[in-house]
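Single-structure report; data block below.
The values are calculated or read from the model by the stated rules, or taken from the named source; none is laboratory data. Here the structure is a predicted model, which is why all the values come from computation and not from measurement. Cβ placement follows ideal geometry from the backbone for every residue including glycine, while neighbour counts extend to all protein chains displayed. What goes into the accessible areas is simple: the full protein's heavy atoms, side chains included, and nothing from ligands, DNA or RNA. Shrake-Rupley method; radii C 1.70, N 1.55, O 1.52, S 1.80 Å.
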Amino acid sequence: MTGAGAEVVAVALLAVTLAVAVVRPFGASEGVVAVPAALLVVGLHIVPRDAATRELREIGPTVAFLAAILVFGHLCARAGVFDHLGSVAARLGAGRPQRLFAIVVAMAAAVTVVLTLDATVVLFTPVVVASVGRLRLPSRPFAYACVRLANSGSLLLPVSNLTNLLAFSASGLSFTRFAALMTLPWLAVCLGEWAGLRRFFAADFDSSIRVPGSLTSACRTSDSREPDAPPRYALAVLTATVAGFVGTSFAHISPAWAALGGCLLLLAAPSGRRSSPRELLSAASVGFCAFVLALAILVDGVTRHGLHRLLIHLVPHADTLPALVTAAIVAALLANVVNNLPATLALVPLVAGSPALVLAVLLGVNIGPNAAYPGSLATLLWRRTLPREMRPRAGEFHLLGALTVPGLLVVSSAALWLSLRAIGT
C-alpha cells in the first residue's frame, strides 16, 4: 500500500495507538494495540519488512536500557532511597515551606537526571506528597514540582529521558559533550520552573504560613523522630551506576550494561526485602517497552508517506538563535499534538546532521509536554499516581503551562545557543 491511502491508514493506526496509551481502558498495557498496529503496518507494506527490522535493531539497545533503568529505580525504591530523600527534604525544610519547596525542586531534578523521569513520577512523587502531608502543607505546589521537573528537568544527560536516548546517537555527541552543552539550558529551566511555580502558587505558600501553630507543631513532631539510617549500600550502588553511564559512553558500550550492573548489585544487597521475578518483570514495564518498539514502526509509516515532507518545511536548517527557538517551538507543538515520543522519532531524523538542532528539538519535546496533558505519557502517569482528591484541574494545569512553557522554551534555547558558542559541538 502506498500514497494517500497508506498515509490515512498509518495516521489512523497511530492515532488509535496513542489514544489507547493515554486512556489505557481497563488498565490495558500501552502495547495491547500498538503491537498489532505495527504488525498490520508491516503486513500492508506501508513500512517494508526490512525497514521495520532495521528500525527495531536501531532502537533495541535504547529500549533495553529503558527496561534496565526502570528495574533499577524499582530496586532503589525497595532499598529505601526515595523514602530517605523524602525524610531528608522534610528535615531540611521543616518550618520553612518555601525552602522545602526549593529542596523538592532540586531533588526532583536530581532524581530525574539519574533515574529518568519515570522514577520521579512514579516513585518520588508519592513520597513527596506524603511528606508534605505530614507537615500539613498544601500538596499542589510540591506535586506540580515533581511532574514539571520530571519533564523539563530531564535535559541534562542522555540517560535522563527516553527522548534523549532516541536522539543521542543522532546527535553525534559524546556523553560528556552532550551533558556539557545541556548544563546551562538545564540550569536555566530548573530555575525557571522554580520561579514560575513559586509565583503561580504564591497563595498556597502564604496560606500555609498563616495557619497558626499547625506547621510549627507538625515540624516539631517530625524533628523529634529519630531519623532513619540512610541506605548507604543502595546510595553507593547508585553513585557507581551513574559513574558507569559515563564509563560505558567512553567505551562506546550501551548504558544498559551499567544499569544492569546496578540492578545485579542491588539484588545482591546484604539485607533488605527481596523482589520476586514477577515484581521485577512488572517493574521492567514490558508492555511499555513493546509500545516504544511498535511506535517506532508506526511513526516510520506516517513519516514516509507524507508527514516527512510537511515537517521538512517547518524545521529550520541553521544553528542561529532564531533557528534554535523555532526548532524548540515546532517540537513542543508536535509533542502536544501527538505526544513527545512520536514527535522525537519524527523530528530527529530531519535534524540528525546538526547536533545543535537535535538538542533544540530535545528542548521542545522535554519542556513542551508541561503545556498539556497529552504531551508526555509521564504526565498522564503522574496524574494517575496522585490520589483522586489531589489530581489537578485540567484548566489549572493548562493555564500554568500556557503562562510558563513559551518563556522556558525561549530562555532554554538562548542558553543552548550560548553553550554552543562557548563549547562548540
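For the stretch 4-9, the Karplus equation 6.51 cos²θ - 1.76 cosθ + 1.60, evaluated at θ = phi - 60°, returns couplings of 4, x, 5, 5, 4, 5 Hz by residue, with Gly and Pro reported as x. Between Q98 and A318, the FRET efficiency estimated from the beta carbon spacing at R0 = 30 angstrom works out to 0.10. Computed on the Cα atoms alone, the convex hull of the stretch 1-112 gives a volume of 159 cubic angstrom per residue. In this simple spin-label model, placing a label point 7 Å from the Cα along the Cα-to-Cβ direction at both A422 and A15 gives a separation of 4.6 nm. Over 17 Å, how big is the tail of the calculated P(r) for the stretch 334-397, in percent of all Cα pairs? Counting pairs separated by more than 17 Å, the tail of P(r) holds 45 percent. Approximating the spin labels as points 7 Å out from Cα along Cα→Cβ, the A268-to-T2 distance works out to 5.6 nm.
Carbon and sulfur atoms: what percent of the 1.4 Å accessible area of the chain do they account for? List each step's numbers first, then the result.
Numbers: 11840 of 17810 Å².
It is 66 percent, rounded to a whole number.
Scoring 258-265, 313-320, 160-167, 234-241 by mean Cβ neighbours within 10 Å over their residues and listing the highest first yields 160-167, 258-265, 234-241, 313-320. Direction-averaged projected area, Cα convex hull, the chain: 20.3 nm², rounded to one decimal.
Projected onto its three principal axes, the C-alpha set of the stretch 84-139 covers 30, 18, 16 Å, listed from the longest axis down. Here the stretch 58-175 was treated as a single set of alpha-carbon atoms; its pair distances binned every 10 Å from 0 give 15, 43, 28, 12, 3, 0 percent. Take each peptide in 81-93, 333-345, count the other Cβ atoms within 10 Å of every residue, and average; sorted highest first, the result is 333-345, 81-93.
Based on protein heavy atoms only, the chain ends up with 42 Å² per residue of surface accessible to a 1.4 Å probe. The label point for S174 and the one for L281, both projected 7 Å from the Cα toward the Cβ, are 4.2 nm apart.
Charged side chains reduced to their Cβ positions (Lys and Arg at +1, Asp and Glu at -1) give the stretch 1-73 a dipole of some 100 debye around its Cα centre. Computed from the Cβ-Cβ distance with R0 of 25 Å, the FRET efficiency linking L44 to L333 stands at 0.30.
For the stretch 315-356, the Kirkwood estimate of the hydrodynamic radius, built from every pair of different alpha carbons, is 10.4 Å. The string of couplings for the stretch 353-358 from the Karplus curve (6.51, -1.76, 1.60, θ = phi - 60°) is x, 10, x, 4, 6, 4 Hz, one whole number per residue in order, with x for Gly and Pro. What's the whole-number percent of alpha carbon pairs in the stretch 280-405 lying beyond 27 angstrom? For the stretch 280-405, the fraction of Cα-Cα distances above 27 Å is 26 percent.
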